[in-house]
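Below is one structure; the comments refer to it alone.
Throughout, read-outs are computed from the coordinates displayed, never taken from laboratory work. Only a predicted model underlies this, so the values are computations on that prediction, with no experimental measurement involved. No Cβ is skipped: glycine too gets one built from the backbone with ideal geometry, and neighbour counts run over all protein chains shown.
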Amino acid sequence: MNLTNFRFETDADGIATLIWDMPGRSMNVITPEVMAELNQVIDHVVASEAIKGCVITSGKEAFSGGADLTMLQGLRDLYVGLAREKGEAAAMQTFFDESRKLSLLYRKLETCGKPFAAAIHGVCLGGAFELALACQYRVASDDASTRVGLPEIKVGLFPGAGGTQRVSRLMQTGDALQMMFKGEQIKALPARNSGLVHAAVPRDQMLQNAREWLKANPQAKAPWDDPKFKLPSNKVYSPAGMQIWPPANAIYRRETNDNYPAARAILSAVYEGLQLPIDLGLRVESRYFAKILRTKEAASMIRTLFVSMQELNKGARRPADVPASRLKKVGVVGAGFMGAGIAYVTAQAGLDVILIDRDIEAAEKGKAYSHKLVSDQIMKGRAKTADRDALLGRITASADYGDLKGCDLVIEAVFEDPKVKAEVIAKVEAVVGPRTIFGSNTSTLPITGLAEHSQRPKNFIGVHFFSPVEKMLLVEIIMAKKTGKKALAMALDFVRAIRKTPIVVNDTRGFYANRCVGNYIREGHLMLMEGVPPAMIEAAGKQAGMPVGPLSLNDEVAVDLAYKVLKATKAQLGENAVDPAQERLLTEMVETHGRLGRKNKKGFYDYPEAGPKRLWPGLAELTKNRLDPELIDMQDLKERLLVTQALEAARTYEEGVVTDPREADVGSIIGFGFAPYSGGTLSYIDNMGAAVFVKLCEKLARTHGERFKPNRQLKRMAKTGESYYGSAEKKAAA
Ligand code: NAD
């Protein structure tokens with residue numbers, strides 16, 4: 001055999017071991033070459049009389065992350081090309097045949113007549129777990145890093161190489177659907193308990209365990225290839241099935257609002273497949289897979305959440321001519337809510353942190369936040385006491401600015417007050433050297449203005465985190481007028497070190513993310529003042545694909561913060577820059593009723609000690625207007641909530657705040673949860689086309705006000721047929 005991605009050896013008992021170990025890659029992935037080699041191996045195992053069975057394992061620290069998504073993107077392009085040349089029907093046939101090759105290969109392995117086993121250590125996901133599912137036996141290491149699962153849904157895809165059929169024949173239907181809907185990654189022990197793997201053993205016993213099993217089961221078949229096979233949840237059309245399917249439909253709707261064609265396809269493929277023998281079930285799955293692969297949702301999600309995100313993480317925006325910085329020590333000034341979180345993620349990345357506040361008690365309080373976070377991890381079995389000691393050992397709480405000496409980077413997260421910030425900038429610069437980069441975590445003050453207080457404006461940059469810092473993946477890097485490329489490189493190296501995703505934006509009020517999400521919240525406020533029932537506003541947000549409704553979101557970020565921002569905007573830009581209805585609402589909420597949000601348990605919602613939050617009944621008194629819910633067009637509400645954000649993104653793009661559509665899209669999904677199925681704010685516009693979007697904006701402007709008026713660049717794009725990604729590609733090529 002001619003293998004480059006695998007090693008193959010056979011022992012004296014006739015048990016072969018296939019070690020997947022792709023050269024030059026840190027992680028194994030499924031590529032056309034891997035598929036061709038696997039095919040050779042199956043033929044070889046079948047043809048060699050001496051071989052009784054074969055264990056598949058990995059030569060790396062993980063089994064495999066699954067299919068190479070760029071390969072799937074390539075398949076999609078193939079379809080578009082073929083459809084142009086040979087017509088839709090011929091293109092669809094080729095596309096179907098191509099997209100089911102992996103499924104057929106796995107079925108060939110499963111039915112070749114000799115048994116295969118998978119020995120899994122580390123992650124084994126997507127197409128790789130589907131390979132394991134086609135093996136008659138699966139053993140996983142009980143290591144904490146071992147995880148199996150089918151996370152395809154997270155990029156708008158669905159398991160198309162047998163996953164939907166095999167998992168639903170191994171587990172209770174409800175559990176199988178849940179696992180695929182959520183894209184859950186399951187640890188070894190729960191995987192064994194639910195029947196996804198047969199055994200969970202220490203890593204050093206894994207191969208032996210698989211070999212013993214193969215020796216003892218030379219005739220093994222998949223359970224579904226046994227004529228006596230019974231489905232774990234009984235037949236679809238049975239009393240048991242009737243307990244499952246009607247609620248499954250309801251849960252699907254509740255979880256996805258029907259926004260994700262891939263989730264619907266999972267439901268259909270399992271429902272139809274379980275009524276058929278396995279080969280036909282696999283064929284049904286392939287049909288859905290071919291369909292899903294061609295959806296704009298899959299294309300957009302793969303592009304944004306996989307390709308673009310990877311490019312940004314790898315430093316797409318980093319100035320290539322600045323050598324990599326070796327960050328060792330980072331200063332954080334202001335140990336409040338944000339500073340404490342920044343200190344935690346920095347220490348977690350193995351960097352030393354000096355955490356400064358006005359007095360040592362405040363600094364220690366900030367450090368205690370890290371103690372709490374790691375302790376929670378310990379409780380959940382995800383960290384050890386030694387990890388906590390090591391992490392806390394890296395954080396020095398202090399009230400002495402002198403301790404910042406030697407820091408490569410200092411980030412301030414003090415009060416949002418230009419005077420306090422100016423003082424801190426001066427104090428920091430008095431002790432650090434000329435190479436230290438200064439980052440501000442301000443969320444509303446223009447960085448260029450703050451940089452005026454700096455003696456070294458070249459070293460001054462915005463490093464804007466989102467809350468809660470330990471959970472949110474996005475960091476906005478803001479370039480002030482005089483920010484130099486060394487500062488940019490250092491900021492990006494830092495973001496990479498703490499394993500977050502950066503977008504680089506130019507300086508403007510609200511930067512990028514908060515401008516868009518601020519519009520979402522404002523639209524919710526305005527709807528409320530028009531008399532739309534609050535529950536409908538919240539439902540419209542979720543149905544549009546946002547993680548939470550605009551009123552919930554405002555409660556999370558604080559109602560008084562929205563009020564402060566509104567007042568500051570008015571002070572700087574004048575009366576007309578704010579909406580009077582929103583101003584009235586926020587003034588009443590904050591000043592009259594002291595409703596500040598979740599932080600004081602009183603916002604748009606009440607937060608009772610016992611039981612879930614519920615909308616504050618007093619909202620009815622505040623708004624006065626009442627619209628008849630029967631006459632409110634839900635589609636209109638959903639459009640308003642998404643369009644207002646996408647339009648703001650379009651404006652930031654025209655203004656040069658965001659300069660790359662990939663950053664606008666990635667930032668919108670991981671920064672504020674913009675309807676992920678759309679691929680992000682600018683993909684949302686590109687997918688419907690600028691002309692349609694402009695028409696939609698104009699319609700909304702007529703009924704709801706000037707704020708929906710499309711910007712000039714969009715109107716031009718509507719005329720020329722340009723798209724954001726099309727123009728960006730042209731620019732890159734030129
Ligand atoms: P916070 O009030 O919780 O914390 C501010 C901390 O700074 C306090 O501990 C205070 O004692 C300390 N401080 C004040 N003056 C100081 C000084 N001269 N020297 C040292 N320490 C000083 O505020 P926060 O919510 O953490 O916000 C901090 C910054 O982060 C602000 O600029 C804010 O705009 C920005 N930000 C906040 C959020 C958010 O969701 N809260 C999100 C992104 C950015």
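Table for the structure above
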quantity	calculated
Computed [θ] at 222 nm, helices only, for the chain once each DSSP H run of length n ≥ 4 contributes -39500 (n - 2.57)	-15500 deg cm²/dmol
Along each principal axis, Cα extent of segment 1-151, largest first, Å	54, 38, 26
Equivalent ellipsoid semi-axes - Cα gyration tensor, segment 236-374, angstrom	50, 24, 12
Candidate aspartates and glutamates - alpha carbon under 14 Å from LYS624, same-chain residues fewer than 8 apart omitted	GLU530, GLU588
Beta bridges per DSSP with both ends in the chain, % antiparallel, nearest 5	25
Along each principal axis, Cα extent of segment 312-390, largest first, Å	42, 35, 19
Relative frequency of Cα-Cα separations exceeding 37 Å in segment 6-294, percent	11
Nearest-ten-degree value, helix 337-348 long axis tilted from longest Cα axis of the chain	40
Directionally averaged shadow of segment 329-509, computed from the convex hull of its alpha-carbon atoms, nm²	9.0
In order through segment 539-548: 3J(HN,Hα) via Karplus (6.51 cos²θ - 1.76 cosθ + 1.60), integer Hz, x for Gly, Pro	5, 4, x, 5, 5, 6, x, 7, x, 9
Per principal axis, descending, Cα span of segment 513-632 in whole Å	41, 36, 29
Rounded to 10°, Cα long-axis angle of helix 239-256 versus longest principal axis of the chain	30
Global size of the chain as Cα Rg and Dmax, reported in angstrom	28.0, 86
Derived scalar couplings ³J(HN,Hα) [segment 388-399; Karplus, 6.51 cos²θ - 1.76 cosθ + 1.60; whole Hz; x for Gly, Pro]	5, 4, 5, 5, 5, x, 8, 9, 9, 7, 7, 10
Taking the C-alpha atoms of segment 458-574, convex hull volume expressed per residue in Å³	116
Separation between Cα centres of segment 37-91 and segment 419-487, rounded to whole Å	48
Percent of C-alpha pairs per 10 Å bin, segment 485-553, short to long	18, 32, 24, 18, 7, 0
Rounded, prolate or oblate (a/c below 1.5 giving rounded, otherwise prolate when a/b exceeds b/c) for segment 59-114 by Cα gyration tensor	oblate
Relative compactness, segment 169-208, computed as alpha-carbon Rg over 2.2 N^0.38 Å	1.31
For PHE158, PHE693, order by how many other beta-carbon atoms lie within 10 Å, fewest first	PHE693, PHE158
Directionally averaged projected area (convex hull, Cα atoms, segment 692-734), nm²	3.2
Prolate/oblate/rounded call for segment 202-264, Cα gyration tensor, a/c under 1.5 rounded	oblate
Integer Hz, Karplus 6.51/-1.76/1.60 couplings in order for segment 319-325, x for Gly and Pro	x, 5, 8, 9, x, 4, 8
Relative compactness, segment 80-214, computed as alpha-carbon Rg over 2.2 N^0.38 Å	1.18
Where only alpha carbons of segment 44-91 are counted, the Rg and the Dmax (Å)	19.0, 50
Ellipsoid equivalent to segment 649-714 - semi-axes via the Cα gyration tensor, in Å	20, 13, 11
DSSP-loop trypsin sites (Lys or Arg not before Pro) across segment 200-280, with at most 11 other Cβ within 10 angstrom	LYS228, LYS230
Debye log10 I(q)/I(0) at q = 0.19 Å⁻¹ for segment 441-519, Cα point scatterers	-0.77
Sorted peptide list for 187-200, 341-354, criterion being average Cβ within 10 angstrom, highest first	341-354, 187-200
Kirkwood hydrodynamic radius of segment 586-689, Cα pairs, Å	16.6
Cα long-axis angle, helix 88-99 against the chain (0 to 90 degrees, to the nearest 10)	70
Cut-off under 5 Å, modelled amide H: who pairs with GLU184 long-range	LEU150
